[in-house]
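Some notes on the structure that comes next.
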Amino acid sequence: MLDVLLFNLAHPRWEFVFQPTYAAYLNLIEPWWKVLRSLALKGRRFECWAEIENAIHRATEYWNAHKHPFIWGRRRRHRAPRRFGIATRPNATLF
């Protein structure tokens, strides 16, 4: 913490804005961590630390080989779009 204070004194043009703990979506690294976890760690068990490092390395190589621009707020393809409104009419037929 002392390093941060010294940096702040040495660079007065910089301003530190602390992110609230309840707003993790404001941190732009969070979507990347989610992708990395799903590619490297989800549903797997590791016997040693070297296996974890290897899985993360392979996931990062895969992600870099299949890179595409990240669009903030874009919906996933497999999710159905939300329907806005108070309620939707039931899909029933009358006799």
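Between Trp49 and Trp63, what length in nm is gained on full extension when 0.36 nm per residue of separation is reduced by their alpha carbon distance? If you can, show how the numbers build up before the last one.
Working: separation 14, 0.36 × 14 = 5.04 nm, distance 2.11 nm.
Stretched out fully, the Trp49 to Trp63 stretch lengthens by 2.9 nm.
The equivalent ellipsoid that matches the C-alpha gyration tensor of segment 2-65 spans semi-axes of 34, 15, 12 angstrom, in descending order.
Only the coordinates and a few stated rules stand behind these numbers; no lab work does. The model shown is predicted, which means the values in this text are computed figures rather than measured ones.
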